[in-house]
Amino acid sequence: MSGGTDTVRELSVQSFRHLVRLTPPGTPHPAADEVEEQLLAWAVAVGLCEPGRTQTLTRRRIGHLAGWCMPEAPVPVVRLTARYLAWVFAFDDAVAEDQQRLRRHAAMDLPRVLETGVLPFGQRGSLVPALVSVHQDIVDAGGRPLLPHLAQGLRQYLESCAREGPWRATGTPPTLAAYLADRTHTSGGHPLYLHLLAPDMPPLDEPLPGAVVALAELAFLIGALANDLLGFAAEERQGDPANAITVLAHEFTYGTADAYRAATVLHATHKHRFDTDHARLLNDEGLTRPQRTFVRAIGGWVAGSAAAIEPYLHHLLSLEPRSPRSTP
């Protein structure tokens, strides 16, 4: 399924306009520059990046992204969230789409590493020691009761990544229902729960209401669908079937342009549902005040994520080959 380089570029720009219109960016964190600088230093110190080779991390601006997503959170919470997000992004780049590497890391039981901080015997590479560092940072921040929940989020992420393996091996997209169920978790959005370390949040050892968890997972899916819209050109070029546009094209026999439009509608539908559920929960007297504070934080996470859209789009477009007639 290919609509040509120029067509895909134009559709990417249209998607960007749709995403920005639907979710205007939130408010930047005043300490974002500091968080970004400290994140790069931490990544080198734990081996997540080699000294002098932090270009990928610098391009992603994860410290700024965490700040946009948590504009009112204390700096230590934003810093910690940025570190865990950086780890997830690094794992996604290096391991998540390589089934052999994914199986090797699955054998190390990474969720247990995150929960206990115990380094598995015979481990190699930088990702696992960096995850141990994230564990210790969470403990030092008083977040030990939160570790089982974060470990479960990591487990769901890894299991969903593994289920994408057969799709990539055969080049056959899954059904839309199967894709959306897994895409919620392959988004790697569960570091959002570190927001519970901020003041006035629910107690860390108190289970969150199911409706609040469902809202958070909907936030993860919205971000994932936005990434699918913007990242489709690169994934199509790689023959990767794990993208909402490719899935829609396969299931409904759409061409590229129609599949793009369908994916845009899909994203808008989920965003509308999120807005409706978010407003309802903010007015739900059955929730405690701290629970509603966390609901507001989930809304801030969605608004803040929109801040990453434009630099991500420009980066993707810079990688696209352009014909002489291509226009910016």
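Taking +1 at the Cβ of each Lys and Arg and -1 at the Cβ of each Asp and Glu, which of 266, 295, 249 sits farthest along the dipole of the stretch 243-311 towards its positive end, judged by Cα position relative to the Cα centre?
Working it through, the farthest residue towards the positive pole turns out to be 295.
Rounded to the nearest 0.05, what FRET efficiency do residue 162 and residue 75 give with R0 = 45 Å and r taken as the Cβ-Cβ distance? Could you check?
It comes out at approximately 0.80.
Could you give the nm distance between label points at residue 121 and residue 107, where each point is 7 Å from its Cα heading toward the beta carbon?
Placing both labels 7 Å beyond Cα along the Cβ direction yields 1.4 nm.
What length, rounded to one decimal in nm, is gained on full extension from residue 273 through to residue 205, with 0.36 nm per residue of separation minus their alpha-carbon distance?
Extra length from residue 273 to residue 205 when fully extended: 21.6 nm.
The stretch 46-146: Rg/Rh from Cα coordinates, Kirkwood Rh?
Checking Rg against Rh, the ratio lands at 0.97.
Expressed in nm to one decimal, what extension gain is obtained for the pair residue 169 and residue 92 from 0.36 nm per residue of sequence separation less their Cα-Cα distance?
26.0 nm
What net charge do the residues around residue 254 carry, taking every other residue with its C-beta under 15 Å from that of residue 254, with Lys and Arg at +1 and Asp and Glu at -1?
Net charge in that neighbourhood comes out at -3.
For the stretch 36-119, what % of the accessible area comes from carbon and sulfur atoms, probe 1.4 Å?
Details: 1930 of 3950 Å².
So the carbon and sulfur contribution to the accessible surface is 49 percent.
How large is the Rg to Rh ratio of the stretch 232-308 when both quantities use alpha carbon positions and Rh follows Kirkwood?
That ratio equals 1.16.
If you find the alpha carbon centre of the stretch 141-198 and of the stretch 64-116, how far apart are they in angstrom?
Cα centroid of the stretch 141-198 versus Cα centroid of the stretch 64-116: 11 Å apart.
Between residue 37 and residue 237, what is the label-point separation in nm under the 7 Å Cα-to-beta-carbon projection?
The answer from the label model is 3.5 nm.
Add +1 for every Lys or Arg and -1 for every Asp or Glu among the other residues with Cβ under 11 Å from the Cβ of residue 224, and state the total. Present the calculation step by step, with values, prior to reporting the outcome.
Numbers: positive: 183; negative: 182, 217, 228.
Result for the neighbourhood of residue 224: -2.
Around residue 187, with a cut-off of 12 angstrom between Cβ atoms, what is the net charge of the other residues, counting Lys and Arg +1 and Asp and Glu -1?
The answer is -3.
Run the simple label-point estimate for residue 177 and residue 296 please: 7 Å along Cα→C-beta, distance reported in nm.
For the pair residue 177/residue 296, the computed spacing is 3.9 nm.
Would you kindly compute the Cα radius of gyration of the stretch 75-196 and its largest Cα-Cα separation (Dmax), both in Å?
Values for the stretch 75-196 (Cα only, Rg and Dmax): 14.6, 45 Å.
Per residue, what accessible area does the stretch 62-172 have, given a 1.4 Å probe and all protein chains present, in Å²?
44
The values are calculated or read from the model by the stated rules, or taken from the named source; none is laboratory data. Just so you know, these numbers come straight off a predicted model, no measurement behind them. Because the Cβ atoms are built from the backbone with ideal geometry, glycine has one as well, and the counts that use them run over all protein chains shown. Please note that ligands, DNA and RNA were not included when accessible areas were found on the heavy atoms of the full protein model with its side chains. Shrake-Rupley method; radii C 1.70, N 1.55, O 1.52, S 1.80 Å.
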